[in-house]
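Below: one structure, written as structure tokens.
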Amino acid sequence: MQTAEAAVRHDVSFDEGKAKAFAGQMLGTINGAAVALMASIGHRTGLFDHLARHSPATSAALAAVAGLNERYVREWLAVMTTARIVDYTPADRSYTLPPEHAAFLTRDGAMKNLAVIAQFVAVVGALEDEVVDRFRHGGGLCYHHYDRFHEVMAEASHQSIVKPFVDQVLPIVPGLRQRLEDGIDVVDLGCGAGRAVLMLAQRFPRSRFVGLDLCADAFSETQQEAARIGVGNLVFRQQDLAAVDRLGAFDLVLAFDAVHDQKSPLDVLRKARQALRRDGLMLMVEFGGSSRLEQNLTHPIGSFLYMMSVMHCMPVSLGQGGEALGTMWGVELAETMLRDAGFGEVQVSRLPHDPFNAYFVAR
Ligand SMILES: C[S@@+](CC[C@H](N)C(=O)[O-])C[C@H]1O[C@@H](n2cnc3c(N)ncnc32)[C@H](O)[C@@H]1O
């Protein structure tokens, strides 16, 4: 770091006020990272859910209802209190999670549960040694290096894609809901845990669904669940999209947050285009940032998304010998690539329930 003395030595102007403000910014950043890690634990242990239901509660009462160790719970509550997430009353040593905060931190909250997203910090943070090594020597990583990635991804996409899909996403394409009711063939590329296709297969029993993913372990639980509850219009297949020549014939191709991770995104989009029947369409969901870094300076979670790119999206593409477009390849490049892949019509929508994603409808 450039010290004030060093700046003077090198005859560089040094703005003390700017330096002080930056130190404050960095300390806030470190605090924020600490809170994100603890929010992840608060979600996994159910502490936010229990505190929302039992506020105000002492650490002992909270630990008892959550079935957790009191000492750990008390220290976690200290993090949450200093972060102003939880209110503390010293008189009776009780803690309260205000309803306005609970709305964003609990499983039954009215809003998106941001603690679900916080889990990614811990999931990818565990790979720091490997990523530092890749900075030095290049190369990539595989999905199996990431403990809990598919699980957390499924929780995150349940909130932004699966739950709102029928009522808020389908209306982007007039008539699509009716076609699904009548019966069409649908494939989900890079389906991950496959919760979206399971929901759709149940909701639209006359349509037929295929979930494709490189990692069979990502969808194996959902596959078993589908078999157990007798969902007969859904199949899952382990498939490397880079290795297949043709995908088959479909009326609707879905790809949720999966194209930028591919070895060759353009190749996958071409295959998607070739797989479409007459009147078929592709619905692709990707992060809605810009392809230009300078346009992302005011993005509310720009740093988080670029961090996910460094720690996960880039390495898993490089691990396949891929292009590593990165999480923030951006709407401009995505649109161009869809056209290069042969789609003549590309429509980009933003939906109020999901401000960070862009929804591409391509025909
Ligand atoms: C970010 S996850 C999204 C998963 C899911 N669509 C969702 O929204 O929860 C990307 C998915 O793409 C899959 N994937 C990456 N490369 C692939 C490839 N070459 N062939 C098939 N699937 C691939 C990964 O296994 C992973 O499940």
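The values are calculated or read from the model by the stated rules, or taken from the named source; none is laboratory data. Bear in mind the structure is a predicted one, so any value in this text is a computation, not a measurement. Neighbour counts run over all protein chains shown; Cβ positions are idealised from the backbone, glycine included.
Looking at Leu176, Leu200, Leu170, which is the one that is under 21 Å from Phe287 (Cα atoms) and under 26 Å from the mean Cα position of the chain (by Cα)?
Values: Leu176 fails: under 21 Å from Phe287 (Cα atoms); Leu200 fails: under 21 Å from Phe287 (Cα atoms).
Result: Leu170 is the single residue among Leu176, Leu200, Leu170 that is under 21 Å from Phe287 (Cα atoms) and under 26 Å from the mean Cα position of the chain (by Cα).
For residues in the stretch 164-216 being in a strand (DSSP E or B), aliphatic (A, V, I, L, M) and within 12 Å of the ligand (Cβ to nearest atom), which is farthest from Asp251 (Cα to Cα)?
Of all residues in the stretch 164-216, those in a strand (DSSP E or B) come to 185-189, 208-213.
Cutting the leftovers down to aliphatic (A, V, I, L, M) gives us 186-187, 189, 210, 212.
Going one step further and asking which of them are within 12 Å of the ligand (Cβ to nearest atom), we end up with 187, 189, 212.
On the way: Val187: 8, Leu189: 13, Leu212: 16 Å.
Top of the filtered list is Leu212.
Does the stretch 303-313 contain any residue that is more than 16 Å from the ligand (Cβ to nearest atom) and under 23 Å from Phe104 (Cα atoms)? Give the derivation first.
Quick first cut of the stretch 303-313, residues more than 16 Å from the ligand (Cβ to nearest atom) only: 303.
So of that shortlist, the ones also under 23 Å from Phe104 (Cα atoms) come out as 303.
So far as the stretch 303-313 goes, yes, one or more of its residues are more than 16 Å from the ligand (Cβ to nearest atom) and under 23 Å from Phe104 (Cα atoms).
Mind counting the residues in the stretch 231-259 that are within 14 Å of the ligand (Cβ to nearest atom) and either assigned to a loop (DSSP other than H, G, I, E, B) or not charged (D, E, K, R) (or both)?
Start the filter on the stretch 231-259 by keeping residues that are within 14 Å of the ligand (Cβ to nearest atom), which leaves 236-245, 247, 253-259.
Remaining after also requiring either assigned to a loop (DSSP other than H, G, I, E, B) or not charged (D, E, K, R) (or both): 236, 238-245, 247, 253-259.
Looking only at that region, the number is 17.
In the stretch 350-362, what count of residues is obtained for those that are in a strand (DSSP E or B) and over 22 Å from Gly192 (Cβ atoms)?
If we filter the stretch 350-362 for residues that are in a strand (DSSP E or B), which is where we start, we get 350-351, 354-362.
The next check asks that each one be over 22 Å from Gly192 (Cβ atoms); those that pass are 350.
Total satisfying the criteria: 1.
Looking at the stretch 125-163, which of the residues that are among the small types (Gly, Ala, Ser) and in contact with a Lys or Arg (Cβ under 8 Å, 6 or more places away or on another chain) is farthest from the ligand (Cβ to nearest atom)? Let's see the steps before the verdict.
First pass over the stretch 125-163, keeping only residues among the small types (Gly, Ala, Ser): 125-126, 138-140, 154, 156-157, 160.
Those left that are additionally in contact with a Lys or Arg (Cβ under 8 Å, 6 or more places away or on another chain): 140, 154, 157, 160.
Numbers: Gly140: 11, Ala154: 5, Ser157: 3, Ser160: 8 Å.
Applying the filter and picking the extreme gives Gly140.
Quick one: would you say Leu318 is within 16 Å of the ligand (Cβ to nearest atom), in the same structural domain as Gly190 (by TED's automatic domain parsing) and out of contact with any helix residue (DSSP H, G or I) (no Cβ under 7 Å at 6 or more places or on another chain)? Before the answer, list the steps.
Numbers: within 16 Å of the ligand (Cβ to nearest atom): yes; in the same structural domain as Gly190 (by TED's automatic domain parsing): yes; out of contact with any helix residue (DSSP H, G or I) (no Cβ under 7 Å at 6 or more places or on another chain): yes.
Judged against the criteria, Leu318 is a match.
Filter the stretch 325-357 down to the residues that are at positive phi and within 22 Å of the chain's Cα centre (by Cα) and list them by number.
Of all residues in the stretch 325-357, those at positive phi come to 326, 330, 342.
Within the stretch 325-357, Gly326, Gly330 qualify.
Between a first residue in the stretch 99-112 that is without any contact (Cβ under 8 Å) to a residue 24 or more places away in the chain and a second residue that is outside any loop (DSSP other than H, G, I, E, B) and surrounded by fewer than 20 Cβ atoms within 10 Å (Cβ to Cβ), which pairs have beta carbons less than 7 Å apart while being 6 or more apart in sequence or on different chains?
Once the first residue is without any contact (Cβ under 8 Å) to a residue 24 or more places away in the chain and sits in the stretch 99-112, its partners that are outside any loop (DSSP other than H, G, I, E, B) and surrounded by fewer than 20 Cβ atoms within 10 Å (Cβ to Cβ) give Phe104/Leu114.
Going through Val259, Val285 one at a time, which residue ends up being hydrophobic (A, V, I, L, M, F, W, C), at negative phi, assigned by TED's automatic domain parsing to the domain that holds Leu212 and touching a Phe, Trp or Tyr at 6+ places or on another chain (Cβ under 7 Å)?
Working: Val259 fails: touching a Phe, Trp or Tyr at 6+ places or on another chain (Cβ under 7 Å).
Going through Val259, Val285 in turn, just one is hydrophobic (A, V, I, L, M, F, W, C), at negative phi, assigned by TED's automatic domain parsing to the domain that holds Leu212 and touching a Phe, Trp or Tyr at 6+ places or on another chain (Cβ under 7 Å): Val285.
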